[in-house]
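The next block holds one structure in the form of structure tokens; read it before the comments.
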């Protein structure tokens, strides 16, 4: 059994050495891309079974985003939906024999968290402008600037460690049990691993949505005052 | 017997065992409160369980940190 924190190079492509998680990631990307292109090639007003199932998936993701962010899901659907579906597939790719989930390696998780980090900045700037985004660090008071800056880093770091720790510990435990006891013993653990993988994919996507929503709503000018006035108006 | 390796293994075991206590108690409390809330208001079950999942993930992170520290000590120890 190899140590969980190291990555062995699988083959070298010129000066770049390619490891197994990268190959699995490419395969998943190709699968998702080809699947989406093939499935959405013939969209009709009267949906086929496949199209109905896809619409259900998209509508579920839309509903979750609407609930969490309190905003129309249009601009965020692509990013958060792709994050969720990719991490779900990556976590469940351990079902295939010989494939180790790429999310069980620190590098993949770091890349995903970096995407979330950049997306928060991008969506914050797009919603409130550069000044509004910078102002979101001074919410609720100016005293919070250092804490907000630290939080921006630590929450990305905890995204990395959470996904990595959960998926890797699942793989690791199965490896240990497999080396101790033979044939059918690891199956319940694998089932638990599937559940953990689904929950972690969901949580990663939800936290990305929460971070984006938080940045957008904090940078909005006088968000708190607007809330108070609207509350006063409603009765 | 290499004392540094001994200390690393002991440190890893201590990190996981004591690091798991706090999150276990906290998760138990969180789930109990969520079940209480769902029993009172079954119509809010979806919102409560979503919040519960996110909260549990947050709490669990502390235990995962301990696990990662233990694995660092065991497999990527910079001093051994």
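The values are calculated or read from the model by the stated rules, or taken from the named source; none is laboratory data. Just so you know, these numbers come straight off a predicted model, no measurement behind them. When we count neighbours, we look across all protein chains shown, and the Cβ atoms used for this are built from the backbone with ideal geometry, even at glycine.
Only residues that are more than 10 Å from chain A (Cβ to nearest Cβ) and either under 16 Å from residue A:68 (Cβ atoms) or in a loop (DSSP other than H, G, I, E, B) (or both) were counted in the range B:56-80, giving 4.
Residues are listed down the side, and each one gets a yes or a no for (1) over 23 Å from residue B:52 (Cα atoms); (2) within 14 Å of another protein chain (Cβ to nearest Cβ):
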| position | (1), (2) |
| --- | --- |
| A:62 | no, no |
| A:69 | no, yes |
| A:99 | yes, no |
| A:123 | yes, no |
| A:153 | yes, no |
| A:159 | no, yes |
| A:164 | no, yes |
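Within the range B:8-27, residues that are crowded, with 16+ Cβ neighbours inside 10 Å sit with their Cβ atoms under 7 Å from residues that are modelled with pLDDT under 95 and not in a helix (DSSP H, G or I), at 6+ positions apart or across chains, in these pairs: B:8/B:77; B:8/B:80.
In this structure, residue A:77 does not satisfy being surrounded by fewer than 19 Cβ atoms within 10 Å (Cβ to Cβ), within 18 Å of residue A:202 (Cα to Cα) and free of Cβ contacts under 8 Å to residues at least 12 places away in the same chain. From the list B:12, B:39, which residue is under 19 Å from the mean Cα position of the chain (by Cα), at pLDDT 90 or above and more than 9 Å from chain A (Cβ to nearest Cβ)? From the options B:12, B:39, the qualifying one is B:12. Just one residue in the set A:131, A:89, A:149 is more than 14 Å from chain B (Cβ to nearest Cβ) and out of contact with any helix residue (DSSP H, G or I) (no Cβ under 7 Å at 6 or more places or on another chain); that residue is A:131. Taking residue B:52 as the residue in question, decide whether it is under 16 Å from residue A:169 (Cβ atoms) and surrounded by 14 or more Cβ atoms within 10 Å (Cβ to Cβ). When the stated conditions are applied, residue B:52 does not pass them. As for the range A:156-177, it holds no residue that is surrounded by fewer than 12 Cβ atoms within 10 Å (Cβ to Cβ) and either out of contact with any helix residue (DSSP H, G or I) (no Cβ under 6 Å at 6 or more places or on another chain) or part of a helix (DSSP H, G or I) (or both).
For the range A:134-141, state whether one or more residues are surrounded by fewer than 13 Cβ atoms within 10 Å (Cβ to Cβ) and not in a helix (DSSP H, G or I). Yes, some residue in the range A:134-141 is surrounded by fewer than 13 Cβ atoms within 10 Å (Cβ to Cβ) and not in a helix (DSSP H, G or I).
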